[in-house]
Amino acid sequence: MTIEDSAPARPLVYAHRGASADFAEHTRAAYLRALADGADGVECDVQLTRDQHVVLLHDANLDRTSDGTGPVAERTIDELRLLDFSSWKGVHIPLAYGAQSEQFLTLPDLLDLLRNSGRDIGLAIELKHPSPYQLKLEDRVLEVLRRGGWDPLTSRLGNIRVTFMSFSPDSVRHLRKTVPGEFICQLLDDINVAEVREELGLGPITGGAVANVMKAAQLEGERILNDCEVGMAGPGIDYVRQHARTVQRWLASGRRFRVWTVDAENDVALCQGLGIHEITTNKPAQVLAQL
């Protein structure tokens with residue numbers, strides 16, 4: 001049975017970095033709350049440490065979500081475990097969700113939480129690029145999953161349904177060598193070169209070069225979906241609003257849709273009306289109640 005065969009009447013709800021509206025993103029508390037809320041799946045971003053451990057962090061740098069600074073890739077796993085990744089959110093963590101020192105998670109840590117959920121659960125892994133370790137990130141993630149008993153043909157690890165996603169077409173193509181296309185999601189953002197150049201604040205030449213690279217990745221991602229090289233499309237909600245005809249064409253061609261980050265009631269209704277298969281949200285309880 002494929003993911004498509006088992007699609008329910010309503011969109012599946014994936015918790016974006018856990019229930020990240022309630023607790024700090026990617027923490028033990030955020031994922032345990034998502035499971036308690038009844039989320040159909042959870043989403044995570046992965047980075048590599050200096051000693052090649054797969055850790056759950058969105059940013060390449062530590063500054064925004066911890067009391068540390070500098071690149072994640074320059075720290076060892078032991079150094080990261082000494083940092084505080086939850087206090088910045090300013091919310092109390094119930095004792096049942098672990099101590100502050102237990103909030104930082106590796107990919108194996110998250111797999112353990114999902115195994116212990118006692119039910120079928122989805123896991124969407126986003127491979128973050130650019131990475132200083134390039135495509136070694138993908139290889140390490142697959143190695144961790146295989147070590148846990150992951151079956152590439154079904155992309156299952158016990159009760160966990162694993163899918164992979166990235167904005168990077170290179171990452172998607174690399175994953176495609178090992179993983180069936182139906183379990184790979186090409187992420188898309190609507191890149192406006194002029195706006196990105198201004199937001200980056202890097203100057204007209206450097207900023208323009210970076211923005212052009214991002215736009216090229218968007219166009220290549222769209223080509224991958226047009227040519228049906230992977231089975232899943234992962235646009236942001238803004239992209240869905242701006243490119244309704246493209247979305248409808250991909251839906252008609254059999255692409256499965258996972259839309260991020262859908263928190264507002266009108267956006268949830270839009271996705272449901274379009275027949276979107278999966279919604280990624282910071283507020284799984286609220287979205288499930290609406291659906």
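Laboratory data are not the source of any read-out in this text; all were calculated from the coordinates shown. In this text, all values refer to a predicted model and were calculated from it rather than measured experimentally. Positions of Cβ are backbone-derived with ideal geometry, glycine not excepted, and every protein chain shown enters the neighbour counts.
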Legend entry - Whole-number percent relative contact order across the range 1-158, with pairs defined as alpha carbons under 8 Å at least 6 apart: 23
Legend entry - Segments 94-101, 233-240 sorted - mean Cβ within 10 Å per residue, highest first: 233-240, 94-101
Legend entry - Karplus (6.51, -1.76, 1.60) ³J(HN,Hα), θ = phi - 60°, over the range 63-74, in Hz, Gly and Pro reported as x: 4, 6, 10, 8, 8, x, 9, x, x, 4, 5, 9
Inset, instruction - Would you kindly derive the ³J(HN,Hα) couplings of the range 49-55 from the backbone phi angles with the Karplus curve 6.51 cos²θ - 1.76 cosθ + 1.60 (θ = phi - 60°), listing them in order in whole Hz, with x for Gly and Pro? - result: 7, 4, 9, 6, 8, 8, 10
Inset, instruction - For the range 156-291, just say rounded, prolate or oblate: build the C-alpha gyration tensor, square-root its eigenvalues into a ≥ b ≥ c, call rounded for a/c under 1.5, and beyond that prolate if a/b exceeds b/c, oblate if not. - result: oblate
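Is the shape of the chain best called rounded, prolate or oblate, per the rule: a/c under 1.5 gives rounded, else a/b larger than b/c gives prolate, else oblate, with a ≥ b ≥ c the square roots of the Cα gyration tensor eigenvalues?
Values: a/c = 1.33, a/b = 1.10, b/c = 1.20.
Rounded shape, in that the Cα axes give a/c under 1.5.
Once fully extended, how much extra length lies between ASP151 and ASN212, figured as 0.36 nm per residue of separation less the alpha-carbon to alpha-carbon distance? Before the final figure, lay out the partial values.
Working: separation 61, 0.36 × 61 = 21.96 nm, distance 3.76 nm.
18.2 nm is the gain from fully extending ASP151 to ASN212.
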Legend entry - Where labels lie 7 Å past Cα in the beta-carbon direction, separation of ASP139 and GLU220 in nm: 1.9
Legend entry - Spatial separation of Cα centroids for the range 130-166 and the range 260-291, in angstrom: 26
Legend entry - Cα-centred dipole magnitude for the chain, charges only on beta-carbon of K, R (+1) and D, E (-1), debye, nearest 20: 560
Inset, instruction - Quickly estimate the mean residue ellipticity at 222 nm for the chain, helices only: each DSSP H run with n ≥ 4 gives -39500 (n - 2.57), and the total goes over all residues, rounded to 500. - result: -10500 deg cm²/dmol
Legend entry - Beta bridges per DSSP with both ends in the chain, % antiparallel, nearest 5: 20
Inset, instruction - Under 1.5 on a/c is rounded, so check that first for the range 53-202, then, if it is not, pick prolate when a/b is larger than b/c and oblate when it is not; a ≥ b ≥ c are the square roots of the alpha carbon gyration tensor eigenvalues. - result: oblate
Legend entry - DSSP-defined beta bridges in the range 1-132 - what % are antiparallel, rounded to 5: 35
Legend entry - Efficiency of FRET from Cβ geometry, ARG245 and ALA269, R₀ 25 Å, rounded to 0.05: 0.80
Legend entry - Beta bridges per DSSP with both ends in the range 80-223, % antiparallel, nearest 5: 25
Legend entry - Positive-pole candidate from GLN286, HIS243, ALA264, dipole of the range 217-291, charges at beta carbon: HIS243
